[in-house]
Amino acid sequence: MTALVRYLLVDVLRTQRWLPPVLVLAAVLGMLYASDAGPPLPAYAGTCVLVYPVSVWLTVVITTAEDPVRRTVTVVSAGGWARAQAAVTALSVLAALGVALVAALVPVLTQSRPYPAGTVAQGFAALAVCALVGVGVGVLCGRPVITQAGWSVLAATGLVVLVFLFGRTPPVGNVLWALSHDDGVTSALAVSGVVAALFVVGATWLGVALGPRRG
């Protein structure tokens, strides 16, 4: 599995399609933390709003890096769709968690307000939850679930917006509310983390189920 993930990483880096979401992340983080961003937890809530769609974008890039012919070769080499799709999800999770880690550390390095270790840990956990939800959405909107680029973009955009319309509903809504109000953060993170993980597993399972028919 490690070799397969490494191969997919090289293939994704070769396409350079990861550059736009990374540049958007860097630019928006720069604007958010160029001056005083306010108390740490509400500031992390604002960053979560950024990390979620960026993670969706990166995951779609990863799921569509290979054309159908190369994906077929990868599936055969991996020993089946289950291992190939699991590797795609694993790489997406690693990329999204990397984004979450960067977003958690930027205010520590740029803000004059104190960021205690416990607060940073909560911020990273919240960012990780939103990043995982982004992975789930990205897997649902990429190959083999959606094979057309235009529909993939429309579906991803729609799901990103839709999540924010559900208010305090887990996993993203209640994390944002808890951070913004500094209320029940630990319980919100626990519930939302479980929901986000199950969402990623379910999206991966759907990719495995549809892969042989749409790959």
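The values are calculated or read from the model by the stated rules, or taken from the named source; none is laboratory data. No experiment lies behind these values; they were computed from the predicted model shown. Don't worry about glycine lacking a Cβ; one is built from the backbone with ideal geometry, like all the others, and counts go over all protein chains shown. Surface accessibility is based on the protein's heavy atoms, side chains included, excluding ligands, DNA and RNA. Shrake-Rupley method; radii C 1.70, N 1.55, O 1.52, S 1.80 Å.
See the values below:
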| item | result |
| --- | --- |
| Gyration tensor over alpha-carbon atoms, region 32-157, equivalent ellipsoid semi-axes in Å | 34, 15, 10 |
| Residues of region 78-215: accessible area per residue with a 1.4 Å probe, Å² | 46 |
| Cα→Cβ-extended label distance, 7 Å offset, between M1 and S35, nm | 4.7 |
| V161-V49 pseudo-label distance in nm [points 7 Å out on the Cα-to-Cβ vector] | 1.6 |
| Cα-based Rg / Dmax (Å) for region 62-118 | 17.9, 53 |
| Cβ crowding within 10 Å averaged over residues, with 38-48, 9-19 ranked highest first | 38-48, 9-19 |
| Accessible area per residue, Å², region 1-56 with all protein chains present, probe 1.4 Å | 49 |
| Neighbour cut-off at most 15 other Cβ (10 Å), DSSP loop, chymotrypsin sites (Phe, Trp or Tyr not before Pro), region 152-194 | F166 |
| Listed residues W205, V93, L50: farthest to the positive end of the dipole of the chain (Cβ charges) | W205 |
| Placed amide H near T169: partners under 5 Å, 5+ positions off or other chain | N174 |
| Sulfur and carbon atoms: percent of accessible area, region 57-189 [1.4 Å] | 71 |
| Taking region 62-215 and dividing mean pair separation by its residue count, relative contact order in percent (alpha carbons under 8 Å, at least six apart) | 29 |
| Inter-probe distance in nm under a simple model that places probes 7 Å from Cα toward Cβ, at Q16 and R168 | 4.8 |
| Inter-centroid distance (Cα atoms) of region 180-210 relative to region 14-53, Å | 21 |
| Protein accessible area in region 1-55, 1.4 Å probe - carbon and sulfur % | 73 |
| Angle in degrees between helix 68-78 and the longest Cα principal axis of the chain, rounded to the nearest 10 | 90 |
| FRET efficiency estimate (nearest 0.05) - Cβ-Cβ, D183 to L23, R0 35 angstrom | 0.50 |
| Angle in degrees between helix 2-15 and the longest Cα principal axis of the chain, rounded to the nearest 10 | 80 |
| Angle in degrees between helix 172-181 and the longest Cα principal axis of the chain, rounded to the nearest 10 | 10 |
